[in-house]
Structures are given as structure tokens and as C-alpha cells.
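The values are calculated or read from the model by the stated rules, or taken from the named source; none is laboratory data. All values derive from a computational prediction rather than experimental measurement. FYI the Cβ positions are ideal-geometry reconstructions off the backbone, even for glycines, and counts take in every protein chain you see.
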Amino acid sequence: MNLRALISPVMFLQLGAALCYATGGAFMKVSAGLTHLRPTLLMFLLFGVAVCFQTLSMKLTTMGTGYVLVLGLEAFVALLVSLVYFREPYTVRDIIGVLLILIGTVTLKIGAPGT
């Protein structure tokens with residue numbers, strides 16, 4: 001296991017992007033179709049910050065794995081946000097699916113060149 005790949009600057013940028021995308025997604029839901037100003041503005045702000053983080057991370061890694069890593073981390077964080085904050089129900093199959101995405105994401109990160 002390449003521990004250095006898990007704690008690299010690229011990983012912090014990718015995790016920051018994933019956290020901003022997932023939190024922006026939560027504000028997207030709270031905005032009720034862009035009808036509430038504050039959550040709508042926060043959604044756009046967080047998505048903009050996420051794009052900046054992801055863009056900076058792609059300077060330091062390949063696009064294919066970098067993009068997939070952010071998406072995988074975002075899926076996991078979004079699941080946690082929806083479980084904890086929105087109390088949305090999930091089946092065992094849903095949770096297994098997201099865990100498989102997370103396992104694939106970690107596998108890509110460990111073997112990714114340039115990280």
C-alpha cells in the first residue's frame with residue numbers, strides 16, 4: 001500500500017473537491033429548485049470552489065484517474081451527507097454499491113501515477 005499517495009497534496013485537493021461537490025449537492029437539495037436564495041448561492045459557491053480544487057489537482061495527476069477519484073470520493077461523501085443530514089433511507093444493496101465505488105477509488109489512488 002502506497003501511504004504517500006493517500007496523504008499527498010493531490011489527495012487533499014481531490015478530497016476538497018469531493019467535499020465541496022457533495023456539500024454543494026446538499027445545498028442544491030435544500031434550495032428547492034433554486035427557489036431559496038441562500039442555499040442557491042452556497043451551492044454555486046461550493047461548486048465553483050470544487051472546480052478550482054479539481055482543476056489544480058489535474059495539474060498533478062492524470063485526468064482519467066484524477067476525475068474518477070473525485071467522483072468516487074464525492075459519491076461516498078454524498079451518501080454520508082444524505083444519511084446523516086437528510087436521514088434518507090438506503091438498502092443494503094445501495095450501501096454495498098457505494099462501498100464498491102469507494103474500494104475502486106482507493107485502488108485507483110494507490111496505483112495512480114504522479115500522485
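Within region 90-115, how many residues turn out to be modelled with pLDDT under 90 and of a type outside the set (S, T, N, Q)?
15
For region 4-47, how many residues meet the condition of being among the small types (Gly, Ala, Ser) and closer than 15 Å to Leu79 by Cα?
Of the residues in that region, 5 qualify.
Are any of the residues in region 45-61 within 24 Å of Phe86 (Cβ to Cβ) and among the polar types (S, T, N, Q)?
no
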